[in-house]
Each structure stands twice: as structure tokens, then as C-alpha cells.
Amino acid sequence: MHISEGVLSAPVLITGTALAVAGISLGLKRMDYDRIPQVAVLSSAFFVASLIHVPVGPSSVHLILNGINGLLLGWVCFPSMLVALALQAILFQFGGITVLGVNTVTMALPGVICYYLFGRLVNQESRFLSSASGFACGFLSVLLSGILVAISLAFTGKSFLSVAKLIILAHVPVMIAEGVITLFCVAFLKRVKPEMLGGVYGKAS
């Protein structure tokens, strides 16, 4: 869901950069040294997952994993996404430096929102509620990212409105796939390392 360089207007780029700086600052402030390996692993997972993408107008369709990233990291999701996006822009020209702020916000902010919506629900004893919350987290995080990309394009110019709608529709299969992936990740972590889902919520909130 990378937005390419040369597409967005200056006001959108400036707003995105300002929001990204605020989110990254909060994330770095709440990141303990002992969580750096966890952040690195999740950042790497996003980096690899989003390398395989299909172009859709000025954006692209690919796995994002921002739901599970946000669920485990909270606000630390911002610096985690920033590192991966910066490396992709430098090494593979995905996105770009000028749109780094906007791309960071569109990927990380939905993860943080889902963290607050589902951070406690995935820890419920009810297997059904936990699984449903995991699926909803993955599905909604991609949906919100698509909406943010659409908003960025819409505020740039009316000519992008049709593309903005297309981007959201094109990501419906990705929303379902990410919901299933997040569901299985939550179920696995609850069995082998439940403290990653429970303890982190108290630290990062």
C-alpha cells in the first residue's frame, strides 16, 4: 500500500510527516531496550511481507501485517514501520523518501488503533472471542490503511477519487488474508507466549 513519490500534494506530505514525527516520538519514548529484538523481528516481517506487491495506480496491493504489529507493539509500531519503509524506499524504491511520513502513518496508525480496540479482547478466555478479535484486528487494520491512502489521494486532487475507491476494493482479499493470519498468530502466541499479548498492553498504553 505504498504511495509513490510525485503523487501527493505538498500539504498532504507535510501533514503526513508531522503526524509521523508525533507517532514515532511517542513510540520511541515507550520503547524499552529489552523490546528492541521484538521490534526488529516485527519490522523485518513487515519488510519481507510487503516486498511482494501488485501495482494499483499510484499505490500497490500486498500483505501489511500492521494489525499484529500494532497489537504487539502499540505506539512502538510507528518506529517499527518507519525502519522497514525507509529500507524499502532506499533499497528497492518502493514508496520514496518524500512520502515516507504519509506511508508510515497509513501503515502504523491503523495498527495503533487496533491495539486499543482489540488489545484486551484477544486475551479473553473465550476462544471464540479471542479468535474473532484477532481476525477483526487484521481485517480492520488493512481497511483503515486503505481508507487513509484513499483520503491522502482524495485531498491531493479529485482526479484521484476513482483510484482511491479502487485501492480499497482491491485490498478486500488482503483484508481477509490478514484477518486469518492475525487470528492464527494470536492463537499461537496465547499457547506458547501469552505474555506478549498481555504484558505489552500495560507497558505501551
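The values are calculated or read from the model by the stated rules, or taken from the named source; none is laboratory data. Since the model is a prediction, treat every value here as computed from it, not as a measurement. Note that we place each Cβ from the backbone using ideal geometry, even for glycine, and neighbour counts take in every protein chain shown.
Quick notes on this one:
- Among the residues making up region 157-185, those that are part of a helix (DSSP H, G or I), modelled with pLDDT under 85 and not basic (Lys, Arg) are Ser159, Phe160, Leu161, Ser162, Val163, Ala164, Leu166, Ile167, Ile168, Leu169, Ala170.
- Among the criteria (1) surrounded by fewer than 20 Cβ atoms within 10 Å (Cβ to Cβ); (2) modelled with pLDDT of 90 or more, the one Ser205 does not fulfil is (2).
- Test: residue in region 169-190 that is aromatic (Phe, Trp, Tyr) and either out of contact with any Pro (no Cβ under 8 Å at 6 or more places or on another chain) or under 23 Å from Ala49 (Cβ atoms) (or both): yes
- When restricted to residues that are buried (at least 20 other Cβ atoms within 10 Å of the Cβ) and either among the small types (Gly, Ala, Ser) or in a helix (DSSP H, G or I) (or both), region 1-46 contains 11.
- Within the set Gly101, Gly95, Gly146, Gly134, the sole residue that is assigned to a loop (DSSP other than H, G, I, E, B) and buried (at least 16 other Cβ atoms within 10 Å of the Cβ) turns out to be Gly95.
- The combined condition, being of a type in the set (Asp, Glu) and out of contact with any helix residue (DSSP H, G or I) (no Cβ under 8 Å at 6 or more places or on another chain), is not fulfilled by Glu178.
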